1. Please verify whether the stretch 87-109 includes one or more residues that are surrounded by 13 or more Cβ atoms within 10 Å (Cβ to Cβ), at positive phi and in contact with a helix residue (DSSP H, G or I) (Cβ under 6 Å, 6 or more places away or on another chain).
2. Are any residues in the stretch 123-143 surrounded by 15 or more Cβ atoms within 10 Å (Cβ to Cβ) and not in a loop (DSSP other than H, G, I, E, B), and if so, which ones?
3. On the given criteria, is R148 modelled with pLDDT of 70 or more, surrounded by 14 or more Cβ atoms within 10 Å (Cβ to Cβ) and basic (K, R)?
4. Could you give every pair whose Cβ atoms fall below 7 Å, whose first residue belongs to the stretch 101-124 and is over 15 Å from I135 (Cα atoms), and whose second residue is in a helix (DSSP H, G or I), counting only separations of at least 6 or pairs across chains?
5. Please go through the stretch 28-52 and pick out each residue that is more than 14 Å from L17 (Cβ to Cβ) and within 19 Å of the chain's Cα centre (by Cα).
6. Only one of these conditions is not met by H121: (1) at pLDDT below 90; (2) out of contact with any helix residue (DSSP H, G or I) (no Cβ under 9 Å at 6 or more places or on another chain). Which number is it?
7. So which pairs qualify, if the first residue must be in the stretch 55-78 and at pLDDT 95 or above, the second must be of a type outside the set (A, V, I, L, M, F, W, C) and not in a loop (DSSP other than H, G, I, E, B), the Cβ gap must be under 8 Å, and the two must be at least 6 apart or on different chains?
8. Quick one: which residue in V74, V90 is within 19 Å of R148 (Cα to Cα) and hydrophobic (A, V, I, L, M, F, W, C)?
Amino acid sequence: MTDPLISNHESPISRDLVGRIDAVLPQTQCTRCGFADCRAYAEAMAHGEAEINRCPPGGAAGIQTLAELLGRPVLPLDPDCGSEETAPMVAFVREDECIGCYKCARACPVDAFVGARQRLHTVIESECTGCELCIPACPVDCIELRPRQVDGDFARQRADHSRRRYAAHQAHMAERASEREAMGATHIAHAAREARITSFLGAARGRIGRPGGPRR
């Protein structure tokens with residue numbers, strides 16, 4: 001039988017559970033769990049649609065916390081999702097090899113790259129989540145992961161900060177999509193107007209050329 005706590009996707013209890021699960025996740029937005037982002041994975045777990053062992057950045061400690069939160073048995077990390085990180089990582093661009101293609105910046109879920117098209121790119125270390133999404137995006141393989149020097153409650157602080165950065169990134173991408181849609185609508189309207197004018201002029205020329213039609 002489905003747990004009534006998670007059966008209603010729209011209930012306040014369900015939303016609260018999703019929030020509590022999401023608060024446990026490391027917010028790397030790496031997609032290694034098989035979901036679009038950490039929030040989507042949290043929703044799947046809350047609704048009983050995903051196991052708790054699909055987050056390599058969270059590792060064994062994260063699985064233990066999720067098991068306690070959801071009342072599920074502890075499982076080993078799913079090897080299909082990758083291996084557990086031994087230390088927090090940060091992306092590093094070998095700048096002498098960078099061609100400025102901008103593909104790393106487009107792949108980054110928290111806008112941690114600085115640069116422009118045809119210009120050198122580098123990583124803002126404090127913003128990088130170590131998600132690895134920039135690595136396959138780079139056509140010249142000039143990005144690598146390096147261990148990050150951390151102290152104190154870095155993991156929790158990074159997660160909270162990265163969640164805010166990702167939300168800002170999503171809002172920015174939605175705004176850009178809306179702008180592109182508006183530009184597309186304007187272009188379509190302009191093209192339709194041009195087509196009507198062309199059709200009108202063509203019809204007018206046809207009338208001028210017919211016997212008995214208007215003379216030039």
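1. No; the residues of the stretch 87-109 include none that is surrounded by 13 or more Cβ atoms within 10 Å (Cβ to Cβ), at positive phi and in contact with a helix residue (DSSP H, G or I) (Cβ under 6 Å, 6 or more places away or on another chain).
2. V123, C134, I135, A137, I143
3. Yes: the conditions hold for R148.
4. That search, which allows pairs on different chains as well, returns G115/A105.
5. T28, Q29, C30, T31, R32, C33, G34, F35, A36, D37, C38, A40 - these are the residues of the stretch 28-52 that are more than 14 Å from L17 (Cβ to Cβ) and within 19 Å of the chain's Cα centre (by Cα).
6. For H121, the failing item is (2).
7. Here the result reads C55/Y41; C55/G62; L69/R20; V74/Q64; L77/G59, each pair linking the stretch 55-78 to a residue that is of a type outside the set (A, V, I, L, M, F, W, C) and not in a loop (DSSP other than H, G, I, E, B).
8. V90
The values are calculated or read from the model by the stated rules, or taken from the named source; none is laboratory data. Everything numeric here is computed off the predicted structure, so don't read it as measured data. For neighbour counting, all protein chains shown are included, and Cβ atoms are generated from backbone atoms with ideal geometry for every residue, glycine included.
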